[in-house]
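Presented below is the structure to which this report refers.
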Amino acid sequence: MNHNKPDVVDILSVNVSRVTMSQTLAMMERMILSGDSHHVVTVNPEFIMTALGNAAFRDILNSADLAIPDGMGIVLASRLLGKPITERVTGVDLVEQFARVAAGKGFRFFLLGAAPGVAERAAEVLKNACSGLVIAGTHSGSPRPGEEDEICLRIREARPDVLLVAFGSPKQDLWIARTRERLNVPVSIGVGGSLDYIAGVIDRAPKWMRNVGLEWFYRLVNQPERWRRMLALPQFAARVTVQRLGGVARGRGDALGELGSRAEVNL
């Protein structure tokens, strides 16, 4: 367990870590060296909107050892709420960058989930990009309870330092939380569609679009079936605005209460 959690910002009752990519990489390395098991979650606006109606998922996000800000919407919300996160840390960027760290340190990866063949292809891409990276295993699998024992056995025998789980949200993080004690993997991360992007199954937005926060638009154009999921974004923005206004109102109320108390003392 990581007892040195970073500062967080509360976004609609979900605590998101105020970390940069470099801080995240350093924290994950320390997690592995500690020998304990840790759960890293990649929080985006869709996660938070799901958590509003799913208490079990919300509890898992808030009990995670690290909740990285995966999405420009999270960064913008943190600024609006007065506890700014300086940069977004996306799951796919984190996987690619930590693979370089792992290659140099001898850390072992296990890739779980995505469609059949995708994890294997992503593993090859990562090994080609990061000379010396050890892939302890790959498996498509699924989060179905009937497959759990067999998957857990595969992972225990592979002894990875990092487990990447691509079952989609919220299934991947519910699965990690459910199996964490049985696996005792130092770092387990729910990575969503990251393996698809790394494997080249899905094209990622150009870097300039990612830099200005338009990756969601690129995804919508190229994956129009995502439109229902994208409806969460305006709802997220509206709810964060309400949270901000509520915080301002409470702040004014506290200030008025303090003035009243001082006035009573001076009477």
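Readers should treat all values here as calculations from the given coordinates under stated rules, not as data from a laboratory. Because the structure is a prediction, the values reported are computed rather than measured.
What aspartates and glutamates sit close enough to Lys207 to cross-link, taking a C-alpha to C-alpha distance under 16 Å and skipping anything fewer than 8 places away on the same chain?
Those aspartates and glutamates meeting the cut-off are Asp70, Glu87, Asp93, Glu96, Glu215.
Enumerate the calculated ³J(HN,Hα) couplings along the range 52-64 in order (Karplus 6.51 cos²θ - 1.76 cosθ + 1.60, θ = phi - 60°), each rounded to whole Hz, writing x wherever the residue is Gly or Pro.
Computed from phi, the couplings for the range 52-64 are 4, x, 9, 5, 5, 5, 4, 5, 5, 4, 6, 9, 4 Hz.
Which ³J(HN,Hα) values, rounded to whole Hz and listed in residue order, are derived for the range 143-149 from phi using the Karplus coefficients 6.51, -1.76 and 1.60 in 6.51 cos²θ - 1.76 cosθ + 1.60 with θ = phi - 60°, glycine and proline given as x?
Here the 3J(HN,Hα) series is x, 5, x, x, 9, 4, 4 Hz.
Taking just the alpha carbons, could you work out the radius of gyration and Dmax for the range 8-240, both in angstroms?
Expressed in Å, the Cα Rg and Dmax of the range 8-240 come to 16.7, 47.
If amide hydrogens are placed 1.01 Å from N in the peptide plane, which non-local residues have theirs closer than 5 Å to the one on Val8?
Under 5 Å from the amide H of Val8 lie the amide H atoms of Arg18, each far enough along the sequence or on another chain.
In sequence order, what are the phi-derived ³J(HN,Hα) couplings for the range 66-71 according to the Karplus relation 6.51 cos²θ - 1.76 cosθ + 1.60 with θ = phi - 60°, rounded to whole Hz, with x for glycine and proline?
Values, residue by residue: 8, 10, 6, x, 9, x Hz.
Whose amide H sits under 5 Å from the amide H of Val89, counting only residues 5 or more places off or on another chain, with H placed in the peptide plane?
Amide H to amide H, under 5 Å and 5 or more residues apart or across chains, Val89 pairs with Asp70, Gly71.
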